[in-house]
Every structure is written in C-alpha cells, then in structure tokens.
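For reference, the structure discussed in these notes is given below.
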Amino acid sequence: MKTKILLKEADMPTHWYNVMADMPNPPAPPLGPDGNPVTPDALGAIFPQALIEQEMSPERWIPIPEEVREVLRLWRPSPLYRARRLEQALGTPARIYYKNEAVSPAGSHKPNTAVAQAYYNKQAGIKRLTTETGAGQWGSSLALAGQLFGLEVEVYMVKVSYHQKPYRRSMMQTWGANVFASPSDRTNAGRSILEQHPDSEGSLGIAISEAVELAAQRDDTNYALGSVLNHVLLHQTVIGEEAKKQLEMVGDYPDMVFAPCGGGSNFGGIAFPFFADKAAGKEVQLVAVEPTSCPTLTKGVYAYDFGDAIGLTPLLKMYTLGHDFMPPGIHAGGLRYHGDSALVSQLHYEGLVDAVAVPQLETFEAGVLFARSEGIIPAPESTHAIAAVIREANRCTESGESRTLLFNLSGHGHFDMSAYDRYFAGELKNFDYPEEAIRESLAHLPKLKFDMES
Ligand SMILES: *Cc1c(COP(=O)(O)O)cnc(C)c1O
C-alpha cells in the first residue's frame, strides 16, 4: 500500500499539453482598446515572441526545452500522495489523492511557469523582468527563476503586503530580486497615485501598472505574469501529466479533479490533461474551487473585461466580477482576483468545467484537519480544494460509494501562519459575496459594440 507515488526524473513530461487543441470552440481572442483582436506585435513590447506564440498556438503538444526541464528537475516530478490518514479521519470510502506542489523551492506551483518564462526571456536577449506581487508567492517564484537564468528581477509588491509579509520579501531578496513597495516613486503610475494619495497602501492593479510601464519603456526589459494567461496555464500542465502517470502506476483514475482557482493556473495545470480524456469521451469531472467572497466563476458574468483594475491590459473574455471589484480581505490572497483565465472561463461557460465556492471558515477547518492528519500545513488557497474534496468524501460516506478524488495541493502555508493564528483566535469570519458591490462593479464593464449587437 503506497503512500507516495513517485516518478523517476526521466519520467518528467517532455511536452506541455495545450488544451486549445481539444476545446470544442476556438478560444475567444483578447481585444485591444479599439475592439479588434490584439496583434502579436502589440504584445511584443512586453513579452518575448516564443511566449506570444504559445499564447495563441493551436498545437496540442509543445516541447519543453531541455534547459527548462533541467531546472524543473530540482523539485520535479512532484510526489502524488494517497491521503489515507485523511480518509481515515473522515471515515470515507472515497479514495483521496493529492499532488504536492509545495515541494518547489518557493513552496507552490508558481515556479513551474516562472522558470519557463525566465528561460524564453533570456533566449530573447532580455536582461530584466518586472512583475507585481500581492502576498509574494509569484514575486518569490519569479525571483528564483530569474536568479537561475541570470536575469535581473524587479518586483512591485503591494505596499500593505510589503510591510505585513516581510519574509516573502526576504525570500525575493535572497534570490537576488529588487523589491519595491508599490505605489513607488519609480514610475509615472506610482508617482501620480502618491501625489493624490500619499498614504496609499497600494493594490495589485497599481502594482501591475508600475511593472507594465517599466517593461514597455525599455527594450531590455519585459513583464511576466503569474496566472490567467494561456501560456501560464500551459506551463502548469506538467502537474496533471505527472498525476495521470502516477495514478496509472496504482491502477486508478479520478472521478473528480479539484483545485483552488484564483486566476486558474494551478487548476488548468492539474485539470487540462484530464480534459484531453474528457474530450475523447471519458467521464471525469473537473472542479474549480473559489472563495464565496470572490466568486468569479459561480456568481460572475461571462464578458469582455480588463485584466487589471485600471484598464491598461487588453480585454479578455472571461468570468468577471468587474475589474474594479474589491474583494474582502480574506486570507487566501491568491484567490482574490476579479477575473479568471479565458480558457477556464470558456470551458466553464460551455459546461465542461464545474465550479464551487466555499466560505472561509470551512476552508480553515479543512486545512487544520489536513495538517493534523497528513502533516503538511496547506496554503490558505489550497485549503479551498481540500474543503471541496471533504464535502465530496462525506457524500461518499453517506451513499457508500467509493469514488476516486484527486486534488492539487498548490502550496504550503508556512508564510501564512498569522492567518492560522487568527483562525484559532476566532477572529476570522465568513464573507458572503457582497452582492451590492458586484452589481456596482459589473455596471462598469467596458462597453463593446460587439457585445451590444449580440
Ligand atoms: C497563486 C496561488 C494560487 C492561485 O493562483 P492560480 O493561478 O489560480 O493557481 C493558489 N494556490 C497557491 C499556493 C498560490 O500561490
């Protein structure tokens, strides 16, 4: 009876799986400010050609460069666990498996794409990458990847997190990145915010504006994004590819696959390789799990909207709560995005991907049960998937069915212990989605000629 199901280094995937090849309808293109599809040239100001091609490629399999695989081998293949102790704690007949992405140096799945993005930028002759980070998961992943490929990394970290999460900042600095509290005085965007609001605590939207402004200004500088875009989800598909092989080794196959869903990258990463089977007729249910306080897929609308708060990015067709929606300050910082991946959104719209929302207290309860049975302390984001799996396992207990449930443990919670402290102190609350706030921000969706005609 295996606990960890391990692949050899030589079994690490050689190709990324591109879900666009198996989608029943072509993905809706990103639109520029004029309402026309964005051209590759327009993206060339901030992204390297290879990533722009991946963003739009119809190829089912895209080779992973050997230099990228060499770095991924520092922690991949990641282990698949059979969660027997959690099954026992629940007394469920369900078989529960989880892929452990917490084993990366940064402690989450995010380095899977950071490494690929750093590689392609280096190949294109880029010297410096700029990015934003909220709680610091993405900034630390890009700092690591930049260091391994010899690129300078500048991280614009939302000011309130810069002061509240000093250890994520220390990690970035240890890996050689320059970290600035955003809004900063280094960009026009930052300076103009500081003029109007000298005490601004910052926001992801402002930090994105600063990072994009710098990347657009300099030929030797590009921008990197940690979720949402097609190429980011593509790079994460090593998770699901490995999981399929690992389940095959124990003769099992999931009835349901779960992952927490913020911008959709770790969900796409574990679920898309199973979607390939679903497209070929196999029965498997793919479930994205989000917080009730930021219920993009479960309560948002499917429409073109900006990717950032200010309206600088192209328009993406996605489930959105409105680009100026401000979710309540829950502790799963990585799940507080107003939109979602266009690929995940389209598949959800077409009924091929499911979504559930879980309230905050249930996620912490699940996280603590997981830590006390399996040992690993999960990131607050990951606890969302665990909570949804526990609901399903309890359903199996009632019905006596023995279903196979797989989830992605997207990261560990070692830098989120203050959130656990507050949970134990009884200070956390459930936030139901603020219906009023969503209605208000949905009133500000960009108006497209295109939408009004249809
Ligand atoms: C960033 C993050 C998420 C959410 O981002 P996705 O792009 O939806 O995967 C989930 N879990 C962890 C640990 C994260 O760092």
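Key figures for this structure:
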| item | result |
| --- | --- |
| Rg(Cα) / (2.2 N^0.38 Å) computed for the range 222-273, rounded to two decimals | 1.25 |
| The range 320-454: projected area of the alpha-carbon convex hull, averaged over directions, in nm² | 10.7 nm² |
| Which of 203, 78 has the fewest Cβ neighbours within 10 Å, and the rest in rising order | 203, 78 |
| Proximal charge balance of residue 259 [Cβ under 12 Å; K/R count +1, D/E count -1] | -3 |
| Cβ-Cβ FRET estimate between residue 25 and residue 310, R0 fixed at 22 Å, reported to 0.05 | 0.10 |
| Net charge of neighbours whose Cβ lies under 15 Å from the Cβ of residue 372, counting Lys and Arg as +1 and Asp and Glu as -1 | -1 |
| Net +/- balance of residues flanking residue 205 in space, Cβ distance below 11 Å, scoring K and R +1, D and E -1 | -4 |
| Percentage, to the nearest whole number, of Cα pairs in the range 1-127 over 26 Å apart | 42 percent |
| Gain on full stretching of the segment that runs from residue 302 to residue 217 - 0.36 nm per residue minus C-alpha separation | 27.3 nm |
| Residues 294, 261, 396 arranged by fewest to most Cβ contacts within 10 Å | 396, 294, 261 |
| Normalised contact order of the range 8-145, rounded percent, pairs of Cα under 8 Å and 6 or more residues apart | 23 percent |
| Shape of the range 117-200, Cα gyration tensor, a/c cut at 1.5 | oblate |
| Members of 127/165; 2/99; 99/299; 278/317; 4/99 lying beyond 20 Å, as alpha-carbon distances in this model show | 127/165; 99/299; 278/317 |
| 14 Å Cα-Cα reach of residue 447 towards aspartates and glutamates, excluding residues that sit fewer than 8 places from it in its own chain | 34, 305 |
| Calculated FRET efficiency for the pair residue 350/residue 429, C-beta based, R₀ 35 Å, to 0.05 | 0.50 |
| Relative contact order %, the range 342-418, counting alpha carbon pairs below 8 Å whose residues are six or more apart | 29 percent |
| Ranked by how many other beta carbons lie within 10 Å on average, peptides 108-117, 186-195 from highest | 108-117, 186-195 |
| Relative contact order of the chain, pairs being alpha-carbon contacts under 8 Å that are 6 or more residues apart, as % | 19 percent |
| Antiparallel content of DSSP bridges confined to the chain, in %, to 5 | 35 percent |
| Residues 439, 403, 422, 76, sorted so that the one with the fewest Cβ neighbours within 10 Å comes first | 439, 422, 403, 76 |
| Stokes-Einstein D for the chain, Kirkwood Rh over Cα pairs, 10 °C, 1.306 mPa s (µm²/s) | 72 µm²/s |
| P(r) of the range 294-363 over all Cα-Cα pairs, binned every 10 Å from zero, in whole percent | 21, 51, 26, 2 |
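Computed from the coordinates by the stated procedures, all read-outs in this text should not be read as laboratory data. None of these values were measured; they are calculated from a predicted model. Heads up, the Cβs are rebuilt from the backbone with ideal geometry, glycines too, and the neighbour counts pull from every protein chain shown.
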